[in-house]
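Report on the following structure.
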Amino acid sequence: MAEYANIIVDISHDKLDKTFIYRIPEALADRVGVGVQVYIPFGNRKIRGYVVELTDRAEYDTTKIKEILGIVGRSIPIESRLIALAGWMRRNYGGTMNQALKTVLPVREKKKRVQKKTVCLALDGVEAKNQLGVYQRKHNTARARLLEALIAQQELGWEVITGKLNVSSSVISAMEQAGVVRVLTRVCYRNPVGNLPAEEYSLVLNPSQQAVVDAVVRDYDAGVRRTYLLKGVTGSGKTEVYMELIAHVISAGKQAIVLIPEIALTYQTVMRFYRRFSDRVSILNSKMSAGERYDQFLRAKNGEIDIIIGPRSALFTPFENLGLIIIDEEHETSYKSGSVPRYHARETAVERAAMEDASVVLGSATPSLESYYRAGNGVYCLLELTERVKKKPLPVCTVTDLRSELASGNRSILGRRLAALLEDRLKRGEQAMLFLNRRGMAGFVSCRACGHVIKCPHCDVSLSQHGGCGPDTGRMVCHYCGHTEAVPAVCPVCGSKYIGGFKAGTQKIEQVLRAQFPGAGVLRMDFDTTRSREGYEQILSAFANREADILIGTQMIVKGHDFPNVTLVGVLAADLSLHVSDFHAAERTFQLLTQAAGRAGRGDLPGEVVIQTYQPEHYAVVHAANQNYEGFYGEEIIYREMVGYPPVSNMLAVQVFSREEESGFALADRLAAEVKEKFIKPEEKGAGGTIPLQLMGPAPATIGRINDIFRFVFYVKCAKYDKLVQIKDLLEEEMQKRQSADELVQFDFNPMNTM
Ligand code: ADP
Ligand code: ZN
Ligand code: ZN
C-alpha cells in the first residue's frame, strides 16, 4: 500500500504540471487509487482533487504533509476514468504521469468563446403582416425588407441582415425597441462539419452485413462486452455495419467513438456519417486549433453529440456513457503515438472500453498480425465479410517480373504489360492510379538481375545502406543489432554487377509518363504536392472529377476516396516496402498491395491490377495478388514465431538520446548490460529451446543523429509483456538517479518501425 498520493486540484492543461502530495489515511487506503476524486485540505479550505499517482516517496518534509479528508461521492466522473486510463498508459508505455495526463485530458480553451448573434421575430404571424403593411405605407424600406425576410424565415444571422439585406444595426435596435424583433446572443461552439441537413436514410444491409450486426447486437443487449475483429474485403460494406451498430448503441442512450486514420478522414467519409446522424456527429482532426478541439470535447461532455470521428486522439473524447469504440483500418501504423507516452490506440481503446463497459470493433481488409493472432487465440471475436457489396468482383491481378524485363532489354520504370494497359485505358477514357509504395528511407541493397536482397545474418531483416558522408558511407548496417558490412561489388548469388541501392521517386515517374504518353493528363500526389490538407483534397477531387487520366502517388492515394472510373491500378515496385529493414516489412507490403488493388473496379467497370517486382515469388506479393489474407498470415506468423518477433513475442525498444556520441553509446551499453544482469539468469542464457528474454543491440538508430543529439537503441524481446514493463521501471529509476540533462531514455513497446 502506498503511503502518499499525488493530487491535482484543477483539471486544466496549464496546471497539470502542479500536483500536491497528501498522506493516505489508513481508513481510506484500499479506496484511494489513480483517478479517484477526493476531498483535501487546501489552505484553510476543503476542496476537491483527483489522485493522479500513488507513491511511497515524498521529496518534501513529511511532517508537513496533510491527510486526504475523504472520497467524493460514489459515481465516478469522466475525468476520473480518463485519469485512471492515463495511469494505465503510463504504466504500460512509460513516460511521466504528466505526459500521460496531457494526452488524455482536453486542453482548456483560453480564447473567449465565439458568440453568435441572431435576430428573430417578436410578433406572431398576423401582427407581423400588419406591421409590414405599416412599414410599406411609410416607405420604411429597410424595416420592411428585414420584416419580410423574418416572416419567411423566423430567425436570421446578424451578419446576413447587416450584409446581404443591407439593414443597419441602428435600424435593428429601433425595431427591437419597438418590440417587433428580438436580438439573441448565443454561445456558439465551433462545429467543424457545418450545418447540413440529414438526408432520408434508406439503405438495407445485405444478409452478411446483417449477420455481423446481429452478432454484436446480441452480445451487447445481453450485457456482454467484447473486442470484435471485423475482417472484410475492401468495399464489403464495413462502414455501413459501423453505422448500424452506432445507431443501436445510441438508441440505448450511449455514445460512440470512431477512429479513422487522418489520411482517410476525407469529406466523402465524414459526409456518410453526417447524412445518417446529422449534427449529432462531430469530427476532430490535427488541423483544428486547440480551441476547436476543446469545443468538440465540451460538446461531447455536455451530451450535445453522440458520435465523434477522428484520428488517434479522438479516443479520449470525454463521453459520459461510452458504449462503442470503432477503429477502422485497425492495421494502420498511425494508431501508434509517435511521442511519449507511445501508446497504441488499439490496446488503449480495449482498456478504456473495459473501464467504461463499452465494446470495441476493429475493422480492416488486412488485419494487423497482432489482431488476427488474438482473434485466433479467442482474445478477440472474429467476424467476416467475404464479398464485395452487390457481388462486385475483386479485380484481376497480375505480377510483372522486373528481372525478366531487364533481361529482355526493358530498363524503363514501366513494365511492358503496365504500359500496354495504360495505353488501353487512355484510349477508352478510363482512369488509372500508379502507386509507389515507398516507406521511410528505403535504403536496401538489391540485385536487379536476380532480385537478391542483402540481409542481416543475425536478425533476418534487410540491411540499410548509409547515404551521405562519414565513415559508414558505402557500408550496410542492421538497425536492430548494429551489424555492418561493406556493399559487395557484385551480387553474391548471381555475380551480376547490377547491385546497389534501390531508388525511385514520384517525380521521376511523372517525367517518364509525360514522355511516353504525351496526351495524358497526369496528377501527382506526394509530400511535395500536399503540404496542406486542402492540397490533398484538391488533388483527390480533381481526379474524382476526371480532370486527369492518371494519378501517381505514394500510399496516400489508396485511402478514403472512391473513384468509380478507375479500372487500372499499377504498383511500380513492390520491393520498395518489401525490403525496409524492419520485421514488419512483409506485413506492410501485403497490406499496401491489397489496399492498392482494392482501389480498382469500385464502380460498374471491372478492374485490373499490375504489381511490378524483382521478387515475384515473395509470399507477400503472391498472396496479395491472390487477395489471400489467410495464406499470407500463415507464412508470416511462422516467420515471427521462428525469430521471436511480435505478436508471438513482445518487444521493447529502449532509445538513448545523448549530446555526446561516445557517452551515449556507453550509456546504452551499460543499460543493456544491466538488463542482461538483472533479468537474464545465467542458467537460462545458453539453454536450448525458447529463450525467455533476448537482447539485441545496442546500435545507432536508423537516423543516428538529429539536431546534434545522438540516438542509440537496443531491443529486448520477451513473451511476457509484464517483464518488459519491469525492465522499463528499472531503467526509469536508473535514469532518475543519474539526473543528467544531457541524456534521455525513452521507451517504445512493440514498436511499429525500426528506431
Ligand atoms: P468498406 O467500408 O468495407 O470499404 P463501404 O461501407 O464503404 O465498404 O461500402 C462500399 C460501398 O457499398 C459504399 O458506396 C456503400 O454505400 C455501398 N453499400 C454498402 N452496403 C450496402 C448495402 N447493403 N446496399 C447497397 N449499397 C451498400
Ligand atoms: Zn543477383
Ligand atoms: Zn541484425
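Derivation of every value follows stated rules applied to the coordinates shown; laboratory data play no part. Keep in mind that what you see is a predicted model, and the values were worked out from it rather than measured. All Cβ positions, even for glycine, are placed from backbone atoms using ideal geometry, and neighbour counts span all protein chains on display.
In the chain, the C-alpha radius of gyration followed by the widest Cα-Cα span (Dmax) gives 30.1, 105 angstrom. FRET efficiency for T141 and D742, Cβ-Cβ distance as r, R0 = 51 Å, nearest 0.05? Once the sixth-power term is evaluated, E becomes 0.10.
Residues T554, T55, T317, T162, ranked from the fewest to the most other C-beta atoms within 10 Å, line up as T55, T162, T554, T317.
Each of the peptides 272-284, 411-423 was scored by the mean count of other Cβ atoms within 10 Å over its residues; in descending order, highest first, they stand as 272-284, 411-423.
Once backbone amide H atoms are built at 1.01 Å from N, I611 has T398, V399, T400, V571 as its partners under 5 Å, excluding neighbours fewer than 5 places away on the same chain. Where both partners of a DSSP beta bridge lie in the chain, what percent of those bridges are antiparallel, to the nearest 5? So the antiparallel bridges in the chain amount to around 55 percent. If you take all other residues with their beta carbon under 11 Å from the beta carbon of L259, and give Lys and Arg +1 and Asp and Glu -1, the sum is -3. Separation of the range 603-632 and the range 64-109, taken as the distance between their Cα centroids, equals 47 angstrom.
In the range 16-48, whose amide N lies under 14 Å from the spot 7 Å out along Cα-to-Cβ of K64? List them in ranges. Under cut-off, by backbone N: 20-22, 43. Only helices enter this figure: runs of n ≥ 4 DSSP H residues, each worth -39500 (n - 2.57), summed and divided by the residues of the chain, yield -10500 deg cm²/dmol at 222 nm to the nearest 500. Each peptide in 171-181, 427-437, 585-595 was scored by the mean count of other Cβ atoms within 10 Å over its residues; highest first, the order is 585-595, 427-437, 171-181. Using a simple spin-label model with pseudo-atoms 7 Å out from Cα toward Cβ, E630 and I47 lie 6.1 nm apart.
Protection proxy ranking, highest mean first, for peptides 323-332, 692-701: 323-332, 692-701, where packing is the per-residue count of other beta-carbon atoms within 10 Å, averaged.
Over all other residues within a Cβ to Cβ distance under 11 Å of A666, the charged ones net out to -4, with Lys and Arg as +1 and Asp and Glu as -1.
Count Lys and Arg as plus one, Asp and Glu as minus one, and take only other residues whose Cβ is under 10 Å from that of L523; the net charge is then -2.
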